[in-house]
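The values are calculated or read from the model by the stated rules, or taken from the named source; none is laboratory data. Only a predicted model underlies this, so the values are computations on that prediction, with no experimental measurement involved. Cβ sites come from the backbone with ideal geometry, for glycine too, and all protein chains shown count toward neighbours. To get the accessible areas, we keep the full protein, side chains included, count just its heavy atoms, and leave off ligands, DNA and RNA. Shrake-Rupley method; radii C 1.70, N 1.55, O 1.52, S 1.80 Å.
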Amino acid sequence: MSDRAEGGRGRRPAVGPFLPLLPFLGFLLVFLVVPTLTVVVGAFQDESGAFTLGNLDALTSDAALTALRGSLVLSGATAVLGAALGAVLAFLVVSVGPSSLIRRATLSVSGVLAQFGGITLAFAWIATIGPVGIVTNAMSDWFSADLYGSGWLFGLPGLVVVYTYFQVPLMVIVFAPALDGLRQEWREAAVNLGATRAQYWRHVGVPLLFPAFLGSALLLFANAFAAYATAAVLVSQGQPIVPLLIRQAITSEVLLGQANVGFALALEMIVVVSVVMLAYNLLLRRTSRWMP
């Protein structure tokens, strides 16, 4: 009897090692699980709390489809631009060596600029190329050029330019480890076998880096798709992307009773981002096979 009791105590799961995770689990519960469940439940309820599929029907309206198309175009364009420019910059940074001051400074600045969004970033661009921005006035005085034009900064083209500003440094941060993972022994082996520099990159470097590059681009896509604050400041008329249409559904004093439609739009965003992040994780798993 005593042995069985001691054996039972021995099989009892240890709780102590998991106690440090409680704050993190609480954070996930409050800021991820509860909001997600609120969105999912609200998307299938009407104003009185009864079950309905009418909110999902609203996703096929012209306004919702236009906003979804705008978000996909904005996210895709900034992901492609950010991935291409960021990959080139990351390659140049990694090429200077791990102890270089330029490399450390570039990675540090990229870490800051990747988080430089929202109201601050919008104001910075307005002060630079807005209707009375510094560069706008300089171009007008020196070259008689109208940089502001018809107000493109406050539409979808302006959002592409502004979003690319924080997509490039984010690409540098997430893609530089993959470039660092290319081993010198692989290059030396290719050279010893008679491969040129171009052949090494075409048959070894690019195939290895492509999953990491594509995964990083997907991460940039999700980052732009979910961004809100910068667009909310720059775009005051129309709802060209989904986050702004959600704002209108929840806060509009003209279109009342649209809050649950906002939940349905948010659910649509969750589905899109979930699919993108699932593909990102699959590509990351493939890259981790050869990265140290």
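Condition (residue is open to solvent by less than 70 Å² (accessible area, probe 1.4 Å), touching a helix residue (DSSP H, G or I) at 6+ places or on another chain (Cβ under 7 Å), closer than 25 Å to Ala232 by Cβ and part of a loop (DSSP other than H, G, I, E, B)) applied to region 119-127: is it met by at least one residue? No, there is no match, as no residue in region 119-127 is open to solvent by less than 70 Å² (accessible area, probe 1.4 Å), touching a helix residue (DSSP H, G or I) at 6+ places or on another chain (Cβ under 7 Å), closer than 25 Å to Ala232 by Cβ and part of a loop (DSSP other than H, G, I, E, B).
Please specify each residue of region 128-154 satisfying the condition of being in a helix (DSSP H, G or I) and of a type in the set (Phe, Trp, Tyr). Please lay out each step first, then the result.
Here is the first cut: in region 128-154, the residues in a helix (DSSP H, G or I) are 128-129, 134-143, 152-154.
If the condition is that a residue be in a helix (DSSP H, G or I) and of a type in the set (Phe, Trp, Tyr), then Trp142, Phe143, Trp152, Phe154 are the ones that fit.
Restricting the search to helices (runs of 4 or more DSSP H) fully inside region 155-233 and requiring at least 1 residues that are within 20 Å of Ser110 (Cα to Cα) gives 156-180, 206-226. Taking the criterion of being basic (Lys, Arg) and surrounded by 14 or more Cβ atoms within 10 Å (Cβ to Cβ), the only residue of region 166-204 that qualifies is Arg187.
Within the set of pairs 6 or more residues apart or between chains, which connect a residue that is under 14 Å from Pro207 (Cβ atoms) inside region 172-190 to a residue that is open to solvent by 70 Å² or more (accessible area, probe 1.4 Å) and modelled with pLDDT under 90 with Cβ atoms less than 8 Å apart? Between residues of region 172-190 that are under 14 Å from Pro207 (Cβ atoms) and residues that are open to solvent by 70 Å² or more (accessible area, probe 1.4 Å) and modelled with pLDDT under 90, the close pairs are Gly181/Pro292. Gly10 versus (1) at pLDDT 90 or above; (2) exposed (fewer than 12 other Cβ atoms within 10 Å of the Cβ): which is the lone unmet condition? Looking at each condition in turn, Gly10 falls short on (1).
Yes/no matrix, rows are residues, columns are (1) in contact with a Phe, Trp or Tyr (Cβ under 9 Å, 6 or more places away or on another chain); (2) farther than 19 Å from Gly118 by Cα:
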| residue | (1), (2) |
| --- | --- |
| Phe213 | yes, yes |
| Tyr228 | no, no |
| Pro243 | yes, no |
| Ser252 | no, yes |
| Val273 | yes, yes |
| Arg285 | no, yes |
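Of all residue pairs spaced 6 or more apart or on separate chains, those with beta-carbon atoms under 9 Å, a first member in region 264-277 that is closer than 17 Å to Leu245 by Cα and a second member that is open to solvent by 30 Å² or more (accessible area, probe 1.4 Å) and among the charged types (D, E, K, R) are Ala264/Asp57.
Within region 135-142, not a single residue is among the aromatic types (Phe, Trp, Tyr), buried (at least 16 other Cβ atoms within 10 Å of the Cβ) and more than 24 Å from Ala87 (Cβ to Cβ). List, please: which pairs have Cβ atoms under 8 Å, are six or more places apart or on different chains, and start with a residue in region 215-235 that is closer than 12 Å to Leu121 by Cα and end with one that is aromatic (Phe, Trp, Tyr) and open to solvent by 30 Å² or more (accessible area, probe 1.4 Å)? Within 8 Å, the pairs are Val233/Phe123; Leu234/Trp125; Leu234/Phe154.
Here Pro157 fulfils each of the conditions (1) open to solvent by less than 60 Å² (accessible area, probe 1.4 Å); (2) over 15 Å from the mean Cα position of the chain (by Cα) apart from (1). What are the residues in region 12-46 that are over 26 Å from the mean Cα position of the chain (by Cα) and not hydrophobic (A, V, I, L, M, F, W, C), if any? Within region 12-46, Arg12, Pro13, Gly16, Pro17, Pro20, Gln45, Asp46 qualify.
Among the criteria (1) open to solvent by less than 40 Å² (accessible area, probe 1.4 Å); (2) touching a residue at least 24 places away in the same chain (Cβ under 8 Å); (3) closer than 29 Å to Ala127 by Cβ, the one Ala212 does not fulfil is (3).
Does Ile250 satisfy the condition of being within 21 Å of the chain's Cα centre (by Cα) and either buried (at least 16 other Cβ atoms within 10 Å of the Cβ) or among the aliphatic types (A, V, I, L, M) (or both)? No.
Is it fair to say Gln237 is open to solvent by 40 Å² or more (accessible area, probe 1.4 Å) and not in a helix (DSSP H, G or I)?
Values: open to solvent by 40 Å² or more (accessible area, probe 1.4 Å): yes; not in a helix (DSSP H, G or I): yes.
In short, yes.
Within region 240-275, being outside any helix (DSSP H, G or I) and at pLDDT 90 or above holds for one residue alone: Ile241. Residue-level analysis places Val132 outside the set of residues that are open to solvent by 50 Å² or more (accessible area, probe 1.4 Å) and under 16 Å from Ile173 (Cβ atoms).
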